[in-house]
Amino acid sequence: MTLSQVAAENEDQAAYWNGPSGVKWVDHQSQMDKVLDPLGQIALDVAGPDLGERIIDIGCGCGATSILLADRVGRQGKVLGVDISEPMLGLARQRAGDRTQVEFRNADASVYDFTGFEADQLFSRFGVMFFRDPVKAFANIRKGLKSGARLTFVCWRPLPLNGWMYTPLQSALSIIPAPPPTAPDEPGPFAFADDSRVTALLSNAGFSDIKFTPADRMMTLGRAGNSADDFKTAVDFAIMFGPLGRLLGEMDKTRIADVRQAIEKGLESHRTQTGVKLPAAVWIVTARNS
Ligand SMILES: C[S@@+](CC[C@H](N)C(=O)[O-])C[C@H]1O[C@@H](n2cnc3c(N)ncnc32)[C@H](O)[C@@H]1O
């Protein structure tokens, strides 16, 4: 299956998630899920999916949350996982196995035709911050929701509160030039960090009863041990994902070795017997379709 329709304003994101970045997520899916599961679980507990419910999972990626939701709604329910990345969805379909209650669509959620799906809930784990025009995207997704349907998603709070990305980034920036500053509403991991901006855009898209609940957790980068190999896995993870991954993507290999050394130095003090641990800070956002 191939991506049929992408809004012109989201073409750069489609290229990003269908290129080496999508493949990187596929190759490191189990590690990625280990890191993100505890944060996704907070949102899942808040969403409280029920047997027989119909749920849309936006930016479902390699399918972790669509599968968890499918197991909660059972065969009487339905989960529609929508993602712009074909490589990630390929893995999602494999992992879903014979769960007939989950379907995946390779589409840009801002233009996909959701009409008639009649969802009870809209859910996302870190999959809604990449729309160039979020009001248009959420207004479009609403067409697939019942009136009064619940929305629950988890997104990052500001970068400096997320030591697991901020600390390695700062170490790297001690030896390489900082990238040009981006506008706070630029699509990307931190586009929804500002709760007042997101309140306005959800409200403009037709949602009400919008609430933000902060959640803070210590995140284990890589594996839960303290061997040299565990530490290497943590450094690999820090280099590959988040803003640092984007920054280093195009960098010359010899320069990356220097950056790696700086990151190792920065992460050393966060080493514990049970892995490299740094803070993560998210919003759990809830609302209702008006
Ligand atoms: C940070 S990843 C999160 C993936 C998954 N939810 C998880 O937690 O593992 C963001 C996801 O949003 C998807 N995405 C970005 N823009 C999108 C769009 N316009 N429509 C649908 N999915 C999109 C990406 O392809 C990617 O899978």
Mean projected area in nm² (Cα convex hull; one quarter of hull surface) for segment 1-101 = 6.7
query = What's the percent breakdown of Cα-Cα distances in segment 122-165 across 10 Å bins, shortest bin first?
reply = 23, 47, 22, 8
key: Residues in segment 166-190 reached by a label modelled at M218 [backbone nitrogen below 19 Å; 7 Å Cα→Cβ]   = 166-168
remark   = Unit-weight point scatterers at every alpha-carbon of segment 1-52, Debye formula, q = 0.19, 0.22 1/Å: log10 I(q)/I(0) is -0.87, -0.89
request  = Compute the FRET efficiency between E9 and S290 as 1/(1 + (r/R0)^6), taking r as their Cβ-Cβ distance and R0 = 25 Å, and round to the nearest 0.05.
outcome  = 0.50
inquiry  = Less than 25 Å apart at the alpha-carbon level, and either on another chain or at least 8 residues along: which lysines does that give for K277?
reply    = K24, K34, K232, K265
ask   = Tally Lys and Arg at +1 and Asp and Glu at -1 over the other residues with C-beta under 11 Å from the C-beta of A281: what net charge comes out?
value = +1
remark   = Once Lys and Arg are counted +1 and Asp and Glu -1 for all other residues with Cβ under 12 Å from that of V259, the total becomes +1
Cross-link partners of K211 among lysines (Cα-Cα below 25 Å; sequence separation of 8 or more within a chain) = K136, K143, K146
ask   = At what distance in nm do the modelled label points of R75 and A139 sit from each other, each positioned 7 Å from its Cα along Cα→Cβ?
value = 4.2
query = With the other protein chains left in place, how much accessible area per residue, in square angstrom, belongs to the chain at a 1.4 angstrom probe?
reply = 43
Value at 222 nm in deg cm²/dmol, rounded to 500, when DSSP H runs of n ≥ 4 in the chain each add -39,500 (n - 2.57) = -13000 deg cm²/dmol
query = Helix 163-173 versus the longest principal axis of the chain: what is the Cα-based angle in degrees, 0 to 90, to the nearest 10?
reply = 50
query = At q = 0.10, 0.15 Å⁻¹, what log₁₀ I(q)/I(0) does a Debye calculation on the Cα points of the chain give, no solvent, two decimals?
reply = -0.52, -1.18
ask   = Roughly what % antiparallel, to the nearest 5, for the DSSP beta bridges in the chain?
value = 55
ask   = With Cβ to Cβ distances under 11 Å as the rule, what net charge do the other residues near S124 carry (K, R +1; D, E -1)?
value = -1
message = Treating only the Cβ of Lys, Arg, Asp and Glu as charged (+1, +1, -1, -1), what charge dipole size does segment 200-290 show about its Cα centre? Round to the nearest 20 debye.
response = 140
request  = Take the Cα pairs of segment 82-227, get the Kirkwood Rh, then feed it into Stokes-Einstein at 25 °C and 0.890 mPa s and tell me D in µm²/s.
outcome  = 139
ask   = Among 193-200, 147-154, 78-85, how do they line up from the highest to the lowest mean number of other beta-carbon atoms within 10 Å?
value = 78-85, 147-154, 193-200
query = Between A200 and L159, what is the label-to-label distance in nm when each label sits 7 Å out along the Cα-to-Cβ direction?
reply = 2.2
ask   = Under a point-charge model restricted to the Cβ atoms of Lys and Arg (+1) and Asp and Glu (-1), what is the dipole moment magnitude of segment 1-142 relative to its Cα centre, in debye to the nearest 20?
value = 180
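The values are calculated or read from the model by the stated rules, or taken from the named source; none is laboratory data. Source: prediction; values computed, not measured. Cβ sites come from the backbone with ideal geometry, for glycine too, and all protein chains shown count toward neighbours. Note: areas computed on protein heavy atoms with side chains; ligands, DNA, RNA excluded. Shrake-Rupley method; radii C 1.70, N 1.55, O 1.52, S 1.80 Å.
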